[in-house]
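Asks: Below is a structure I'd like to ask you about.
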Amino acid sequence: MEIQTTVGIFLVSLGSVAMLLCLREMMLAVRSKRWQQVEGVFREVDLEPDDGDQGRYHATVTYAYRINGQEFCASRLRFGSVSSFGEKADAQLHLEHLRIGHPCTVYVDPAQPARAVLLPGLTGGSFVPPIVPCILIGMGVQALLQISS
């Protein structure tokens, strides 16, 4: 088998697996709007400079909630969204209403109570991750098509 064939098959396979994972996350986001709502409490709200990206800030939000007497902790704010901000003031504006010890509404997956989110549903950021798998698949198909020509 030629190297170009191997590379093409690898890229299409990798892109396909990545696309399936992205679609799974998007389906969870859609379903999360119907998940059980419970009251939680903010345990950690923190803002730190991103290690790899100069001038950006990363938000860490952790919350606790109870289901059937068992306590869980989670940190997902929303699906398809990175909690990274370009400006510190912008990040602080997004986090100013989140206070440690204050209550919050948590959407909990009834099939897997450890899976939870604060802001359910799809966001604009939900559609960004599938771009990379599309590029990988396209590159793999192009490599395979060049073999036949």
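Asks: Six or more apart or on different chains, Cβ under 6 Å: which pairs go from a residue in region 32-45 that's buried (at least 17 other Cβ atoms within 10 Å of the Cβ) to one that's acidic (Asp, Glu)? Could you list them?
Replies: Partner pairs satisfying both residue conditions: 35/109.
Asks: In region 116-133, what residues are in a loop (DSSP other than H, G, I, E, B) and either aliphatic (A, V, I, L, M) or modelled with pLDDT of 95 or more (or both)?
Replies: Across region 116-133, the qualifying residues are 118, 122, 128.
Asks: Give the residue that is farthest from the chain's Cα centre (by Cα), with candidates limited to residues of region 42-73 that are among the polar types (S, T, N, Q) and closer than 17 Å to residue 119 by Cβ.
Replies: Applying the filter and picking the extreme gives 62.
Asks: Could I ask something else about it? When region 79-103 is examined, which residues are found to be within 18 Å of residue 120 (Cβ to Cβ), surrounded by 11 or more Cβ atoms within 10 Å (Cβ to Cβ) and at pLDDT 70 or above?
Replies: 79, 80, 94, 98, 103 - these are the residues of region 79-103 that are within 18 Å of residue 120 (Cβ to Cβ), surrounded by 11 or more Cβ atoms within 10 Å (Cβ to Cβ) and at pLDDT 70 or above.
Asks: Moving on. Among the residues of region 5-13, is any surrounded by 14 or more Cβ atoms within 10 Å (Cβ to Cβ) and under 21 Å from the mean Cα position of the chain (by Cα)?
Replies: no
Asks: Looking only at region 26-75, count how many residues are of a type in the set (Lys, Arg) and modelled with pLDDT under 90.
Replies: Here the count works out to 1.
Asks: When region 1-16 is examined, which residues are found to be part of a helix (DSSP H, G or I) and either touching a His at 6+ places or on another chain (Cβ under 8 Å) or touching a residue at least 40 places away in the same chain (Cβ under 8 Å) (or both)?
Replies: 4, 5, 7, 8, 9, 10, 11, 12, 13, 14, 15, 16, listed by residue number.
Asks: Let me confirm something: among 24, 66, 43, which residue is of a type in the set (D, E, K, R) and in a helix (DSSP H, G or I)?
Replies: Residue meeting the stated conditions: 24.
The values are calculated or read from the model by the stated rules, or taken from the named source; none is laboratory data. Every value quoted in this text rests on a predicted model; they were computed, and no experiment measured them. Positions of Cβ are backbone-derived with ideal geometry, glycine not excepted, and every protein chain shown enters the neighbour counts.
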